[in-house]
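Below is one structure, written out as structure tokens, with a few remarks after it.
Values in this text are rule-based calculations from the coordinates and carry no lab data. Small disclaimer: the values here were computed from a predicted structure and weren't measured. No Cβ is skipped: glycine too gets one built from the backbone with ideal geometry, and neighbour counts run over all protein chains shown.
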Amino acid sequence: MATYDLVVIGTGPGGYVCAVRAAQLGMKVAVIEKNTFLGGTCLNVGCMPSKALLHASEMFEEAGHSFAKMGVSVSAPKLDLPAMMNFKQQGIDGNVKGVEFLMKKNKIDVLQGTGKILGTGKVEVSADGKSQTVETKNIVIATGSDIARLKGIEIDEKRIVSSTGALSLDKVPGRLLVIGAGVIGLELGSVWRRLGSEVMVVEFLDRILPGMDGEVARQFQRILEKQGFAFKLGSKVTGVEANSKALLAKIEPAAGGTAETIEADVVLVCIGRTPYTDGLGLKEAGVALDARGRVQIDPHFATSLKGVYAIGDVVAGPMLAHKAEDEGVAVAEIIAGQAGHVNYDVIPGVVYTTPEVSSVGKTEEELKQAGVAYNVGKFPFTANGRSKVNQTTDGFVKILADAKTDRVLGVHIIGREAGEMIHEACVLMEFGGSAEDLARTCHAHPTRSEAVKEAALAVGKRAIHM
């Protein structure tokens with residue numbers, strides 16, 4: 001019987017990062033993975049392949065619509081979808097091999113099969129009808145999440161697809177109906193719109209991007225509509241029927257009312273994700289779950305069963321790969337007797353569309369609800385020199401700072417490379433920095449990041465270029 005200091009169930013970003021950090025700290029570590037490949041949803045059917053298609057489709061659209069105005073004359077681009085999918089797969093393969101390399105480099109054993117917790121210190125690994133039991137001092141559950149399903153709508157990954165199927169369509173749908181106006185739906189909708197689809201998004205709420213700053217969401221919706229998106233907000237899809245020619249989606253007002261039927265060639269169901277706990281033996285082992293099916297943990301990631309911890313999408317909090325990674329590092333350090341910690345007030349979020357949307361910290365709505373007095377500094381990219389000369393002026397930077405202390409409480413950006421720009425705000429907020437600190441930090445010219453400095457200046461009503 002194999003014996004370890006730590007066994008991690010799942011090799012997504014949370015799991016493999018946890019394993020690497022534990023190995024760095026001198027532990028004997030094994031990971032359990034039910035798939036034949038490492039990396040979990042993120043590397044294989046989530047974050048990474050979607051970014052490959054977002055990049056490729058953006059290049060396709062740029063070549064078709066933007067090159068000429070810059071003085072670059074090319075013939076109309078032709079889409080080779082199989083080649084684009086191969087480009088995506090090359091990226092997946094490279095990242096998966098990278099994780100395999102990290103396992104070998106850090107002398108981490110990879111156990112292929114499904115993991116089941118038998119109790120404190122024991123995990124059963126089953127594959128191909130055979131099973132083995134491994135003993136370990138500690139167990140970390142890092143099994144991630146699965147697609148959320150919509151009652152009455154059967155996903156076949158061909159015509160009615162989840163995010164997984166939407167990453168591998170064999171032709172561009174003429175009409176794509178996206179159910180859910182969250183990050184995943186808007187990103188994948190962007191991919192197929194650029195490649196030629198008519199995209200309609202149906203959202204139960206009266207806004208897109210639930211949880212994001214309201215002003216950001218409203219402006220971003222207008223930008224997407226200019227790009228060709230159509231939205232039906234405050235609406236729900238109650239059923240999808242198929243005939244030989246099309247899918248017929250029945251759509252009703254969220255509050256109830258007269259239904260209408262929308263025809264589509266592909267329906268993409270993107271209503272969120274659910275924690276993956278099936279088959280782990282949690283109930284039998286005594287691992288408590290909350291009302292939403294997530295593993296319950298204390299502030300040190302410990303579950304109700306001694307020696308068992310949980311991180312990532314399977315516990316409460318934003319379902320983000322980087323949140324899982326930070327939790328993986330923290331729990332490894334806690335197990336090693338160190339002071340692992342995650343600051344949940346500084347977890348950035350990014351929508352990787354064009355333009356991008358990024359956010360960290362509190363929204364205006366959250367500050368109002370909490371009764372916190374704050375000042376707002378905004379700066380549009382229409383007034384940013386680099387954005388002007390590149391003719392990429394959509395969006396703005398918004399900084400929210402405490403009215404008494406000037407401490408930055410939240411930063412929200414719509415714009416090109418917003419996902420890269422958000423991180424100076426993250427660093428500032430980790431150090432408890434003020435808008436004044438940011439405003440007095442020299443920024444290179446000409447860069448888009450100057451808009452962040454100008455927004456910080458605007459908190460004190462002294463922006464220079466506006």
Exercise. Give me L247, L176, L118 ranked fewest to most by other Cβ atoms within 10 Å of their Cβ, as a rough exposure proxy.
Key: L118, L247, L176
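Could you compute the FRET efficiency for S66 and K104, with r as their C-beta to C-beta distance and R0 at 56 Å, rounded to 0.05?
Given R0 = 56 Å and the Cβ-Cβ separation, E is 0.80.
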Self-check item: Cysteines in the chain that, by Cβ-Cβ distance, have no pairing candidate under 4.7 Å
Solution: C18, C270, C426, C442
Exercise. Pick out the long, greasy-scoring helices in the chain: whole DSSP H runs spanning 24 Å or more along their own axis by Cα, mean Kyte-Doolittle at least -0.5.
Key: 47-65, 81-105
Quiz item: With each run of n ≥ 4 DSSP H residues scored as -39500 (n - 2.57), what mean residue ellipticity at 222 nm is computed for the chain after dividing by its residue count and rounding to the nearest 500 deg cm²/dmol?
Solution: -10000 deg cm²/dmol
Exercise. Evaluate E = 1/(1 + (r/R0)^6) for E417 and E135, where r is the Cβ-Cβ distance and R0 equals 35 Å; express this FRET efficiency to the nearest 0.05.
Key: 0.15
Quiz prompt | Around F67: net Lys/Arg minus Asp/Glu count, Cβ-Cβ under 13 Å | solution = -2
Practice problem: Taking 7 Å along the Cα-to-C-beta vector as the label spot, tell me the I153-E252 distance in nanometres, rounded to one decimal. | Solution: 1.4 nm
Quiz prompt | Calculated P(r) of the stretch 349-459 - Cα pairs past 19 Å, % | solution = 38 percent
Quiz item: Label point 7 Å out from L205 along Cα-to-Cβ: which residues of the stretch 260-278 have amide N under 13 Å?
Solution: 271-272
Quiz item: Does the stretch 160-271 come out rounded, prolate or oblate by the C-alpha gyration tensor, with a ≥ b ≥ c the root eigenvalues, rounded set by a/c under 1.5 and, if not, prolate when a/b is larger than b/c and oblate if not?
Solution: oblate
Quiz item: Projected onto the charge dipole of the stretch 99-225 (+1 at Lys/Arg Cβ, -1 at Asp/Glu Cβ, origin at the Cα centre), which of A181, G196, G214 gives the Cα projection farthest towards the positive end?
Solution: G196
Exercise. Sort out for me the Cα centre separation of the stretch 449-466 from the stretch 155-233, rounded to whole Å.
Key: 33 Å
Quiz item: What does the charge count near L400 come to, summing +1 for each Lys or Arg and -1 for each Asp or Glu among other residues with Cβ under 9 Å from its Cβ?
Solution: -1
Quiz item: Considering every Cα-Cα pair within the chain, what fraction, in whole percent, is farther apart than 31 Å?
Solution: 50 percent
